[in-house]
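Notes to accompany the following structure.
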Amino acid sequence: MRHVKLLIIGSGPTGYTAAIYGARAMLQPVLVQGIQPGGQLTITTDVENWPGDKNVQGPELMQRMEDHARDTGVEILFDHVREVKLTSRPFEIHLDSDDVITCDALILATGAQARWLGLASEETFKGHGVSACATCDGFFYREKDVVVIGGGNTAVEEALFLTNFAKTVRLIHRRDELRAEKVLQERLFNHNKISVLWNHIVTQINGQENPKLVTAIEVQDTLDGTCSTINCDGVFVAIGHTPASELVIDQVETRLGGYVVTQPGSTQTSVAGVFAAGDLVDSVYRQAVTSAGMGCMAALDAEKYLAESLRH
């Protein structure tokens, strides 16, 4: 068991920014990377909206953030948090390596994970024609027909990316309009490889067992209930994300969807000394730049909390 002033869980833009600011405040932060170092940006290719970079690869951007954090003196652990105990002081953090770290202040920057449809057939073909990451798996669908399910930025970005490989891309959305940014919609509608199927939901994913692969999906019209079959080789699910709050779901206040609640104008959670930022908190903007900004806020809030704790 060891003790630190400030511990940060998570290594996306939120965690790394919090770590950099924490180090500059001489808090000697320790950051636990988790099972996906760098977070969601490591499975993103072109990032075109990071200020100062007209175009940068997601993994490259996250590597630069990690390098920056290390250069400021942040200790980074390649480990995964198994349990968080917030009822005791100092807080106890149990790692998969069986190490235990106690801390005076804790920043939660665990982000969010892809949401799935919840179909039994989806589970059957995960990794065998069903994916939630076009940038990870798009290469395997060269000159094949694929479908993307969703209507937000992620779905449109996935569809556009898949045109680099696939013969055709069909976007399936349960409504009659997209939620994605207008500039992305314009690119989508103008692309000759992409077609959109409105007002439909996927009810079944069909395929074969040996070798295991997807051959078609069954869809239902949300307006008249009619069903039809669409032949395809790959299914990419892009219907949003679920905040990774399972470590603290019963220990701090959360709201609908599992997002951690923070005080207005602050990253302070319902437990004094525990701060939360990024996609774990934000269900509206969910951008790398806003996550980084919240990471900065969390570190400044933690610095203030620790300074006040010393005075009492």
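The values are calculated or read from the model by the stated rules, or taken from the named source; none is laboratory data. In this text the structure is predicted, and so the values were computed from the model without any measurement. As a convention, Cβ positions derive from the backbone with ideal geometry for all residues, glycine included, and neighbour counts pool all protein chains shown.
Some values worked out for this structure:
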{"quantity": "Single match in Glu143, Glu123 (criterion: in the same structural domain as Ile205 (by TED's automatic domain parsing), in a loop (DSSP other than H, G, I, E, B), farther than 25 Å from Ser283 by Cα and out of contact with any Leu (no Cβ under 7 Å at 6 or more places or on another chain))", "calculated": "Glu143"}
{"quantity": "Thr242 among the hydroxyl-bearing types (Ser, Thr, Tyr) and in contact (Cβ under 8 Å) with a residue 12 or more places away in the chain", "calculated": "yes"}
{"quantity": "Scope the range 150-185; condition among the small types (Gly, Ala, Ser) and farther than 18 Å from Phe139 by Cα; matching residues", "calculated": "Gly150, Gly151, Gly152, Ala180"}
{"quantity": "Enumerated strands (runs of 3 or more DSSP E) restricted to the range 200-269, each holding at least 2 residues that are of a type in the set (Ser, Thr, Tyr) and modelled with pLDDT under 95", "calculated": "none"}
{"quantity": "Members of the range 71-88 found to be closer than 17 Å to Phe275 by Cα and either surrounded by 13 or more Cβ atoms within 10 Å (Cβ to Cβ) or of a type in the set (Val, Ile, Thr) (or both), listed by number", "calculated": "Val81, Val84, Lys85, Leu86, Thr87"}
{"quantity": "Any hit, the range 295-305, residues being in contact with a helix residue (DSSP H, G or I) (Cβ under 7 Å, 6 or more places away or on another chain), surrounded by 16 or more Cβ atoms within 10 Å (Cβ to Cβ) and aromatic (Phe, Trp, Tyr)", "calculated": "no"}
{"quantity": "Residue that is farthest from Met62 (Cα to Cα) [pool: residues in the range 249-307 that are of a type in the set (Phe, Trp, Tyr) and free of Cβ contacts under 8 Å to residues at least 40 places away in the same chain]", "calculated": "Tyr259"}
{"quantity": "Candidates Ala109, Ala132, Ala105, Ala155, filtered to the one that is of a type in the set (Gly, Ala, Ser), assigned by TED's automatic domain parsing to the domain that holds Pro29 and within 20 Å of Asp279 (Cβ to Cβ)", "calculated": "Ala109"}
{"quantity": "Gly151 being among the small types (Gly, Ala, Ser), under 19 Å from Ser131 (Cα atoms) and assigned to a loop (DSSP other than H, G, I, E, B)", "calculated": "yes"}
{"quantity": "Output for the range 34-55, where each listed residue is on the phi < 0 side of the Ramachandran plot, modelled with pLDDT of 80 or more, more than 13 Å from the chain's Cα centre (by Cα) and surrounded by fewer than 17 Cβ atoms within 10 Å (Cβ to Cβ)", "calculated": "Asn49, Pro51, Asp53, Lys54, Asn55"}
{"quantity": "Tabulated pairs, the range 1-17, first surrounded by fewer than 24 Cβ atoms within 10 Å (Cβ to Cβ), second at pLDDT 95 or above and of a type in the set (Phe, Trp, Tyr), C-beta under 6 angstrom, 6+ apart or interchain", "calculated": "none"}
{"quantity": "Test: residue in the range 191-203 that is assigned by TED's automatic domain parsing to the domain that holds Lys144, of a type in the set (Gly, Ala, Ser) and either buried (at least 19 other Cβ atoms within 10 Å of the Cβ) or touching a residue at least 60 places away in the same chain (Cβ under 8 Å) (or both)", "calculated": "no"}
{"quantity": "Odd one out for Trp116, checked against (1) surrounded by fewer than 20 Cβ atoms within 10 Å (Cβ to Cβ); (2) among the hydrophobic types (A, V, I, L, M, F, W, C); (3) outside any loop (DSSP other than H, G, I, E, B)", "calculated": "(3)"}
{"quantity": "The listed residue being farther than 20 Å from Cys227 by Cβ and part of a loop (DSSP other than H, G, I, E, B), out of Arg187, Arg174, Arg179", "calculated": "Arg179"}
